[in-house]
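Take a look at the structure set out below.
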């Protein structure tokens, strides 16, 4: 018999997250950093990825899940938490290089400005740590995800919210095509950084290691506004591979 990997397939994980409302369904919890519990049958009795016998839980309640009966797990699946889904990025650094739509921003507090207001930006707290904020653009009249000083919350009716327990990644998708991703990562050396982001190395001694980057991608459904891994595209303008350091603002959109 072929071994089954413990990590469920993406479509199963997506289904399990959505059925609990994107937060741990244990009463009073709501933690959005989810893992996946196998209860019918338990993993040690029969490895499987049947979503009917699985439940999304936070790491704390997953560690305690053997105390739950199969019936109690089914009850949790049937009563998803309904409070606002929110979390926090705990990445606290005094130097962070932002990678937004294929462009690089170093010591540039307002990475993207849209119609006179910051769209993606940093601010420093009283200890000098950089805190990330972001407004999600949309043509919808519904609320959308937002990030304010490293705290994020979800509004509207997303089709998926993905936030693994390591707390370094968030992706929120909506039925109309709106999509945002935020990912923090630490690079221990110039050699490791060069494998993925060689353009940052032009900063030379301006940066130090270990270096933290935060990569941000955003798509506005039904429009040509797109910040993806390769480029920033707005109204026929495409911008990629630019490195900006010590600017007041990076990309300014009128």
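The values are calculated or read from the model by the stated rules, or taken from the named source; none is laboratory data. No experiment lies behind these values; they were computed from the predicted model shown. Note that each Cβ is placed from the backbone with ideal geometry, even for glycine, and that neighbours are counted across all protein chains shown.
Residue by residue through the stretch 150-168, note down the ones that are out of contact with any helix residue (DSSP H, G or I) (no Cβ under 9 Å at 6 or more places or on another chain) and surrounded by fewer than 17 Cβ atoms within 10 Å (Cβ to Cβ). 151, 153, 155, 157, 164, 166, 167, listed by residue number. When restricted to residues that are more than 15 Å from the chain's Cα centre (by Cα) and in a loop (DSSP other than H, G, I, E, B), the stretch 1-35 contains 18.
Being more than 22 Å from residue 114 (Cα to Cα) and in contact with a strand residue (DSSP E or B) (Cβ under 6 Å, 6 or more places away or on another chain) is a property that residue 199 has.
The number of residues in the stretch 34-53 that are under 25 Å from residue 85 (Cα atoms) and surrounded by fewer than 17 Cβ atoms within 10 Å (Cβ to Cβ) comes to 1. Of all residues being crowded, with 18+ Cβ neighbours inside 10 Å and modelled with pLDDT of 95 or more in the stretch 84-99, which is farthest from residue 251 (Cα to Cα)? Just the residue, please. Across the stretch 84-99, the extreme among qualifying residues is 87. Looking across the stretch 96-120, the residues that are within 20 Å of residue 168 (Cα to Cα) and not in a strand (DSSP E or B) come down to 101, 102.
Being within 26 Å of residue 254 (Cα to Cα), at pLDDT 95 or above and assigned to a strand (DSSP E or B) holds for only one residue in 132, 170, and it is 132.
Can you pull out every residue in the stretch 57-73 that is buried (at least 16 other Cβ atoms within 10 Å of the Cβ) and outside any loop (DSSP other than H, G, I, E, B)? 57, 58, 61, 62, 65, 73 - these are the residues of the stretch 57-73 that are buried (at least 16 other Cβ atoms within 10 Å of the Cβ) and outside any loop (DSSP other than H, G, I, E, B).
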